[in-house]
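> My structure is below; once you've seen it, I'll send some questions.
Values quoted throughout were computed directly from the atomic coordinates according to the rules given, and no laboratory measurement underlies them. Given the structure is predicted, the values throughout are model-derived calculations rather than measurements. Counting neighbours? That spans all protein chains shown, and the Cβs are built from the backbone with ideal geometry, glycine included.
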Amino acid sequence: MSHLVQFVLLPQIWTNWRTKKTDGLPAIMMYIWALCGVPFGVYAIVQKFNMPIQVQPQCFMALCLVSWAQILHYGHNWPVWKATLIGVGMACLFAGAEAALILTLTPIYNKGNEAPILVIGIVAAVLLAVGLLPPYREIWKRHGRVIGFNWIFLSMDWCGAFFSLMALVAQNTFDVTGGVMYIICCFLEAGIFASHVVWRMRTRKIRKAAAAEGKTFDDVVAEHEARGEHFKWADRQRNPFPGLF
């Protein structure tokens, strides 16, 4: 649960608003993360964790929905009112589902049956990890380049997962479910960082030559496209995961 302590999405939301662009930031990632706030909230409230921990999933869900609505507006050209309306609608739907689950599972948990709430915790962990898969489609599309992400957000999120994992290791008993979740999150987010570093190394000569002419890498790509020439580093258009994205 400590993975959700900080408002890690605020830098990303600010970047989306400042640039008015969300290219490279998958809408499905933010939607899945918002969805995982439901089981996380149920998990915390049913077990009567302290109040800050109960509130954290709700804040995380709200911020994910804000970022998701931004992607619909900036990335998919939805009108502000429409993106806002669907964002608020989803928030109400998720809140209703969470309330229903809390009312259903609390009596069961109070009777000593912990199996249902354990399943809820596992579902939350799986959704959190699955949400990190869609960025890899964007990475493949751009030959390893990462765009659209705020690096402060990504760094904070990775640190949150890493230190949460260390906290579990320091405990007398190791929470296997939580440990596996944090390991997967650390691995997938580290992969995003590594991919961009490798891309920068592979394209350093092209970017250096472009900078010498006062151009950017994107300018070079656009010039090749304008001439109808194949460029090795142009975005791939084919979807490697048809039917999934």
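> Per residue, how much space in cubic angstrom lies within the convex hull of the C-alpha atoms of the range 122-186?
78
> Normalise the Cα radius of gyration of the chain by 2.2 N^0.38 Å (N = residues in it) and let me know the number.
In units of the globular-protein estimate, the chain measures up at 1.15.
> Related question: What is the local net charge at Ala210, summed over the other residues whose Cβ is closer than 15 Å to its Cβ (Lys, Arg +1; Asp, Glu -1)?
Local net charge: +4.
> Oh, and also: For the chain, what is the relative contact order in percent, using Cα pairs closer than 8 Å and at least 6 residues apart in sequence?
In percent, rounded to a whole number, it is 25.
> While we're here: Which trypsin sites (Lys or Arg not before Pro) in the range 106-142 sit in a loop by DSSP (not H, G, I, E or B) and have at most 14 other Cβ atoms within 10 Å of their own Cβ?
The qualifying sites are Lys111.
> Tell me which residues come under 5 Å, amide H to amide H, from Trp78 once H is placed; ignore anything under 5 positions away on its chain.
Placed amide hydrogens put His73 under 5 Å from Trp78.
> Over the range 112-215, what is the mean sequence separation of C-alpha contacts under 8 Å (at least six apart), divided by residue count, expressed as relative contact order in percent?
37
> Can you name the helices of the chain, as whole DSSP H runs, whose Cα span along the helix axis is 20 Å or more and whose Kyte-Doolittle mean is not below -0.5?
Helices passing the filter in the chain: 27-46, 51-70, 80-110, 115-130, 151-170, 176-202.
> How do the peptides 28-35, 115-122 rank, highest first, by the average count of neighbouring beta carbon atoms within 10 Å per residue?
Descending mean neighbour count gives 28-35, 115-122.
> Now, a different point. Measure off 7 Å from each Cα along the Cα-to-Cβ vector at His143 and Leu85, then give the distance between these two points in nanometres to one decimal.
4.3
> Would you tally the net charge around Gln70, using a Cβ to Cβ cut-off of less than 15 Å, leaving Gln70 out, and scoring K and R as +1, D and E as -1?
+3
> Length gain on complete extension for the stretch Val197 to Asn77, per 0.36 nm per residue less the alpha carbon to alpha carbon distance?
Between Val197 and Asn77, full extension yields 40.1 nm more.
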